[in-house]
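The values are calculated or read from the model by the stated rules, or taken from the named source; none is laboratory data. Computed from a predicted model, the values in this text were never measured in an experiment. Cβ coordinates were reconstructed from backbone atoms using ideal geometry, including for glycine residues, and neighbour counts include every protein chain displayed.
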Amino acid sequence: MTRFFFHTENGAVRLDTDGVELASEDAAGLEATGLLGALLADSPRGFWDARRLTVTVADAHGQTLFTVEARTRHHPPSS
């Protein structure tokens, strides 16, 4: 088992200091995706105001492995 850390950013950075032990990087990706979905469901206003929500996954050495994100893009009306 490997310990993975799930840092979040939604206008403010929140560092995960506990981490979670998981079997693989793939399992960490699924965990990050689930966390992103849960955060969106818990605070849609926070996401909408910040326009971006990220979950960055790091290993026990602090090395960033990948980031899962949701963001908004506004498209101006065509003339």
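Can you tell me which residues in segment 20-40 are free of Cβ contacts under 8 Å to residues at least 12 places away in the same chain and under 13 Å from residue 10 (Cβ atoms)?
Residue satisfying the conditions is 38 alone.
Given the residues 21, 25, 9, which is the only one that is under 14 Å from the mean Cα position of the chain (by Cα) and charged (D, E, K, R)?
9
Which of the residues spanning segment 1-56 are closer than 30 Å to residue 74 by Cα, in a strand (DSSP E or B) and hydrophobic (A, V, I, L, M, F, W, C)?
Within segment 1-56, 6, 13, 53, 55 qualify.
Being at negative phi and modelled with pLDDT of 95 or more is true for just one of 62, 37. Which residue is that?
Just one listed residue meets the conditions, 37.
Could you check residue 60 against (1) exposed (fewer than 14 other Cβ atoms within 10 Å of the Cβ); (2) free of Cβ contacts under 8 Å to residues at least 40 places away in the same chain and say which number it fails?
Among (1) exposed (fewer than 14 other Cβ atoms within 10 Å of the Cβ); (2) free of Cβ contacts under 8 Å to residues at least 40 places away in the same chain, the lone unmet condition for residue 60 is (2).
If we scan segment 6-15, do we find a residue that is surrounded by fewer than 17 Cβ atoms within 10 Å (Cβ to Cβ), modelled with pLDDT of 95 or more, touching a strand residue (DSSP E or B) at 6+ places or on another chain (Cβ under 8 Å) and polar (S, T, N, Q)?
no
Check whether at least one residue in segment 24-47 is in contact with a Phe, Trp or Tyr (Cβ under 9 Å, 6 or more places away or on another chain) and loosely packed, with under 11 Cβ neighbours inside 10 Å, and report yes or no.
no
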